[in-house]
Amino acid sequence: MGIRYLTLYTFSTENWSRPVSEINALMSLMVMAIERETPELMENNVRLTAIGDLERMPIDVREQLERCMRRTAENSGLTLVLALSYSSRWELVQAARRVAAETAAGRLQPADIDERLISSCLTTSSIPDPDLLIRTGGEYRISNFLLWQAAYSELYFSPRYWPDFDEEHLYEIICDYQSRERRFGKISEQL
């Protein structure tokens with residue numbers, strides 16, 4: 001389908017407040033899934049990367065994730081980004097802290113702070129902003145996911161839960177997306 005980047009909101013910072021038994025089960029599943037899927041990622045030329053507060057992840061998850069990311073680092077097809085222990089508010093606070101530290105150290109002036117600088121301080125600085133944001137499960141919110149980056153994303157809300165979300169449904173959503181006119185503040189006649 002020509003998709004170059006796919007970011008999956010795998011585990012939010014808010015998910016840490018779930019019952020410990022559920023968190024442990026999810027972490028075990030994550031380790032098994034990464035191990036099981038790595039050969040397929042290699043076979044399909046997929047590069048795996050991750051964003052979020054990865055230091056908060058259990059060591060076995062981090063180690064398995066790092067092994068897979070190293071193994072797939074040279075792949076040049078789709079980049080699969082897992083958002084783990086991620087929240088957009090956390091990410092924006094981290095960016096603000098970097099900017100504040102640079103300003104306090106005298107390496108930045110307040111007038112130097114612009115959208116480009118903020119974007120460069122985000123965990124997603126090496127990937128493009130999403131063109132399309134799909135929310136599954138019948139929810140009509142984006143749940144603290146890529147708030148800065150989604151400023152001009154097209155939104156699609158699907159009633160399907162993630163386990164039932166399949167290639168056919170993705171294809172339908174892509175077709176819907178392709179029928180939309182993306183103006184980025186302009187009028188149709190300017191495009």
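The values are calculated or read from the model by the stated rules, or taken from the named source; none is laboratory data. Computed from a prediction, not measured in an experiment: that's the story for all the values here. Cβ placement follows ideal geometry from the backbone for every residue including glycine, while neighbour counts extend to all protein chains displayed. Ligands, DNA and RNA are stripped out before the accessible areas are found, and what is left, the full protein with its side chains, is counted by its heavy atoms. Shrake-Rupley method; radii C 1.70, N 1.55, O 1.52, S 1.80 Å.
Here are the numbers for the structure shown:
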{"item": "Subset of the range 97-125 that is in contact (Cβ under 8 Å) with a residue 12 or more places away in the chain and not polar (S, T, N, Q) - its residue that is farthest from Val61 (Cα to Cα)", "result": "Ile113"}
{"item": "Positions within the range 100-156 being in a strand (DSSP E or B) and open to solvent by 30 Å² or more (accessible area, probe 1.4 Å), in sequence order", "result": "Leu132, Ile134, Arg135, Glu154, Leu155, Tyr156"}
{"item": "Among residues of the range 173-191, those that are in a helix (DSSP H, G or I) and exposed (fewer than 13 other Cβ atoms within 10 Å of the Cβ), counted", "result": "6"}
{"item": "Answer residue from the range 52-93, given it is of a type outside the set (A, V, I, L, M, F, W, C), in a helix (DSSP H, G or I) and open to solvent by less than 50 Å² (accessible area, probe 1.4 Å) and is nearest to Ser12 (Cα to Cα) among those", "result": "Ser88"}
{"item": "Residue check, Ala33 among the small types (Gly, Ala, Ser) and surrounded by fewer than 16 Cβ atoms within 10 Å (Cβ to Cβ)", "result": "yes"}
{"item": "So Glu14, is it at pLDDT 95 or above, more than 18 Å from the chain's Cα centre (by Cα) and in a helix (DSSP H, G or I)", "result": "no"}
{"item": "The range 18-30, subset free of Cβ contacts under 8 Å to residues at least 12 places away in the same chain and touching a helix residue (DSSP H, G or I) at 6+ places or on another chain (Cβ under 9 Å), residue least open to solvent (accessible area, probe 1.4 Å)", "result": "Ile23"}
